[in-house]
1. Enumerate the calculated ³J(HN,Hα) couplings along the range A:38-50 in order (Karplus 6.51 cos²θ - 1.76 cosθ + 1.60, θ = phi - 60°), each rounded to whole Hz, writing x wherever the residue is Gly or Pro.
2. Let me know the longest stretch in chain B that avoids all GluC sites (Glu not before Pro) found in a DSSP loop with at most 16 other C-beta atoms within 10 Å.
3. Restricting to the range A:123-263, what percent of DSSP beta bridges are antiparallel, rounded to 5?
4. Give the Rg (one decimal place) followed by the Dmax (whole number) of the range B:94-183, computed from C-alpha coordinates and expressed in Å.
5. If you look for lysine pairs in the range B:123-263 that are eight or more places apart or on different chains, how many of them have Cα atoms under 15 Å apart?
6. Copy-to-copy spacing for B:Ile282, label 7 Å out on the Cα-to-C-beta vector, in nm, shortest first?
7. Looking only at other chains, what is the average number of their beta-carbon atoms within 10 angstrom of each beta-carbon in A:245-252?
8. In nm, what does the list of distances from B:Asp11 to its counterparts in the other copies look like, shortest first, when each label sits 7 Å along Cα to Cβ?
Protein chains: 2
Amino acid sequence: MKIGLDIMGGDYAPKANVLGAIAAHQSLKADEHLVLIGDTQQIKPLLSENGFNPDHFEYVHTDEIIGMGEHPTKAILQKPNSSISVGFQLLKEGKLDSFASAGNSGAMLVGAVFSVKTIPGIIRPCLSTIVPKLKGGIGLMLDVGANADCKPDTLLQFGILGSLYAENVMQIENPKVALMNIGEEDEKGNMLSLATFPLMKETKLFNFVGNVEGRDLFNDKADVIVCDGFTGNVMLKLAESFYVLTIKKGLKDEFFDRFNYENYGGSPVLGVNAPVLIGHGISSPEAIKNMIFQSRDMITSNLVGKIQAAFQ
Amino acid sequence: MKIGLDIMGGDYAPKANVLGAIAAHQSLKADEHLVLIGDTQQIKPLLSENGFNPDHFEYVHTDEIIGMGEHPTKAILQKPNSSISVGFQLLKEGKLDSFASAGNSGAMLVGAVFSVKTIPGIIRPCLSTIVPKLKGGIGLMLDVGANADCKPDTLLQFGILGSLYAENVMQIENPKVALMNIGEEDEKGNMLSLATFPLMKETKLFNFVGNVEGRDLFNDKADVIVCDGFTGNVMLKLAESFYVLTIKKGLKDEFFDRFNYENYGGSPVLGVNAPVLIGHGISSPEAIKNMIFQSRDMITSNLVGKIQAAFQ
């Protein structure tokens, strides 16, 4: 197994990325290889500084970087030697089994679709996020920003993707899938959710439990919450701002600790032909380490194969 | 001035409502009269229990109640003697200067539009909510649920309504108005926000400061945040759930205290020809008291007259 990691992406790259890789190494099995993609002249000194044997990793040298503010499509096309472009090229060629980066999210989404392509039958790939649950455990919300405008059949597919992720990677049996809405009753909603509800109610492709509301993100009503990417992105950023607030205010609590994105690693891109993970821009070594584990879990569970089978 | 209050609406009615009215009374001026609308046979004993002179209030007896779960339009039409229907009838006849209730929100919205009507020139009235700001003070978010689907010109009007409320009732000079979006850049968004942005950028009707994101709800980037009612409702309920969490977990903090809806009273309905306020279903006496003060402030500031003038 080859787990690809972009060493140049993220606000604290390359240092946080290299430290994350070192931290992950000791928990990886002998056949779980980490491939570091980036400027080896920057990577090697960081390894020796930490007394780490460079032979534990594989390296692919790149000499371009896609910046956080760059236009995704232009950057992918104009920087073929960037760590993100090279990572996707290797993923496409089967030389990597997964690719993860804490760099430019848009470039990661575009790169995933350009290189390994959308799984046949899937209308739009999406970006998911892991949410901690109050009573323990975790859940998934999707889409959180890849598709600002969605149609009912796209949301129905997000339900399938989320359910398969929850079942196979999070190991939740018969995951409860819900639709984010502005009321619990069947007839509540905007045009999109009203049109999506009957599709979800009728489907046998996942265990639909009905509508949930904004207040239900962290409770046990659903394991998987489906929404359009605009709503999901706004919710995710609002929730993050609360976490930041509790930190700033020194409010210590076990739940808010679990709310730390670092614990979960990255946001899985679902619906493309390979495991792809996008890390938070401010990814710390801990976050990078967990993104590596998440990459491994997506490979081991054969999530992509199961999604491909479901859409055949 | 006649401030109308529904005594029968809300989870803790009539008791919390009567206690809130009593609490408000001592801060009201001699010409600021409270009119209690509800079952006087239930109201009077509560006053005497609290040693309160019933002559301080005016009363309108009603013998029907619209329940929280009733269909708004049907309930308004089928229960003409309900406290909500009677309140709106009096508001329409000019026998009240404002009407507030913590009862069925949908019935309040329908009742407002049926009775005092939408202000000419306004496409859709909306529901706003007051949000505490981290550095002190308060802001306004709208719409939070009256219009699940919105068009760009509707959002533009929400900007005008919110700006006028912030300026006249919250007394914020030249309020900063922002569009809730999924990125700060001009070209970010879904179809709705992308089409709304240029309208807001060009308008001279309020001080548009650009896009804000979910994480900006409580900071000082904007005094007024405009969004469609689906997004606003989801955000409001998510934010409320955090407040409830901090309470449950015993996390004491000045900011989270200010987050308590009780401090602000109700949600102003903006865009109809009279001041209308909808209280939280779980309104306590404190919340009812503050909703009464908010009613008074909406009357005193002549907010409705100023909105009417702006749309002439």
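Where a number appears in this text, it was derived from the coordinates with a stated rule and is not lab data. None of the values given here were measured: they were computed from a predicted structure. Counting neighbours? That spans all protein chains shown, and the Cβs are built from the backbone with ideal geometry, glycine included.
1. x, 6, 4, 5, 8, 6, 4, x, 5, 5, 5, 3, 9
2. Values: sites that count: B:Glu93, B:Glu173, B:Glu184, B:Glu185, B:Glu187.
The segment B:188-312 is the longest one with no such site.
3. If we restrict to bridges inside the range A:123-263, about 30 percent are antiparallel.
4. 14.2, 47
5. Counting lysine pairs in the range B:123-263 gives 7.
6. Values, ascending and in nm: 2.9.
7. Per residue, the number of nearby Cβ atoms from other chains is 4 on average.
8. 3.8
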